[in-house]
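We did not get these values from a lab; they are worked out from the coordinates using the rules stated. Computed from a predicted model, the values in this text were never measured in an experiment. Glycine gets a Cβ as well: all are built from the backbone with ideal geometry, and neighbour counts include every protein chain shown.
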Amino acid sequence: MATRDCTDHILESACNAGLAFAIIASPAPYHVQQTDLLVRRGVRVLVEKPLATSSEEAMPLLSLSEAHLISVGYCMRFLEPTRIIKSMLADNELFRPFSVQVAVGQDLRTWRPHIDYRESVSAQASLGGGVLLEMNHELDLLQWWFGALHVDHCRIRNTGFLDIDVEDIVDAQLHTSSGVCVQVHLDFLQLSPQRQITLIAHQGRLVWNLLNQTLILENEQGQTMLYQGQSTDYDMMYKDMMMAFVDTHMSRQSCASIEEAFRVLTVIDAMKGCENIGGGQ
């Protein structure tokens, strides 16, 4: 189902053969049509993020009576540090942040070395590319932890360095309903990859480095390692997500719902809707 020539006839044939579960891993512009066809036939669907290319495009799925059959693959929810952070945030006396900083970046040319990066989904607007639709795991996590995000300002750019027709760098200022300030930086440009979330609170600074797989609390007493990842963490992340998708009763955590994935798209739409959009360095 991940190819452009996936047709309704093929999907109908699969349904007629007794298909019970499906993973939609096609480019984002095809997610809604393929998901709609499958869930109307009673198939439970796990859609690769994002749910669609915009909230308007995804809207018809919300009204389906079968919408409960749809899960969305925000897999980073299944990493142990996300659960540790969520647990800490549940107790304001334990950890009450007033500021969050998200920094994610990697040279797009190194993502898929076996193909010309300019031919990848990430690099093409017609296939749902660009940093906002490709790098939105952190937006999902922020809303999973804090609730709704509200966009204050966003600067979206295509620097021209990569010769692609989508944005390759985004800087945004957001806030949560409880008043937490959130800074988000995303890019396709950094030669040295970066993926880090920092939560700043009176009780200290919580730093999750996803590349080093460390979660560290820094305060006046020094540094406390709350989590040190293993080489198998990302394998287990996908296995846990699939377990949650196939058998919700056997999993300690659920996949992202269609409503939660829709809210990520509303934030992306709001970021794109800011007037400060342009090119250049």
**Complete:** quick shape note, segment 1-156: Cα extents on principal axes in Å, largest first -> 55, 39, 29
**Request:** Return one number: the angle in degrees, 0 to 90 and rounded to the nearest 10, between the long axis of the Cα atoms of helix 258-273 and the longest principal axis of the Cα atoms of the chain.
**Result:** 70 degrees
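Which order, highest average first, do 13-24, 60-71 follow once you tally other Cβ atoms within 10 Å for each residue and take the mean per peptide? Before the final figure, lay out the partial values.
Values: 13-24: 13.7, 60-71: 16.0.
Ranking the peptides 13-24, 60-71 by packing returns 60-71, 13-24.
Please order Thr110, Thr176 by the number of other Cβ within 10 Å, starting at the fewest. Walk me through the numbers before you get to the answer.
On the way: Thr110 11, Thr176 18.
With the sparsest Cβ surroundings first, the list reads Thr110, Thr176.
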**Prompt:** Between Gln228 and Ile115, what is the spin-label point distance in nm, taking each point 7 Å from the Cα along the Cα→C-beta axis?
**Reply:** 3.8 nm
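Counting each DSSP H run of 4 or more residues in the chain as -39500 (n - 2.57), what helix-only mean residue ellipticity at 222 nm follows after dividing by all residues, to the nearest 500 deg cm²/dmol? Before the final figure, lay out the partial values.
Details: 8 runs with 80 residues, N = 281.
Per the formula, -8500 deg cm²/dmol.
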**Extension reserve of the Arg252-Ala90 stretch, reckoned as 0.36 nm per residue once the Cα distance is removed** = 56.6 nm
**Complete:** In degrees, nearest 10, the alpha-carbon axis of helix 233-246 is tilted away from the dominant principal axis of the alpha carbons of the chain by 50 degrees
**Fill in**
So the angle from the long Cα axis of helix 137-146 to the longest Cα principal axis of the chain, reported in degrees to the nearest 10, equals 60 degrees
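Kirkwood-based Rg over Rh for segment 144-200 (C-alpha set), two decimals? Provide the component values of the computation, followed by the final result.
On the way: Rg = 13.5 Å, Rh = 13.0 Å.
On the Cα set of segment 144-200, Rg over Rh gives 1.04.
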**Asked** Radius of gyration and Dmax for segment 160-268's Cα atoms, expressed in Å?
**Response** 17.6, 48
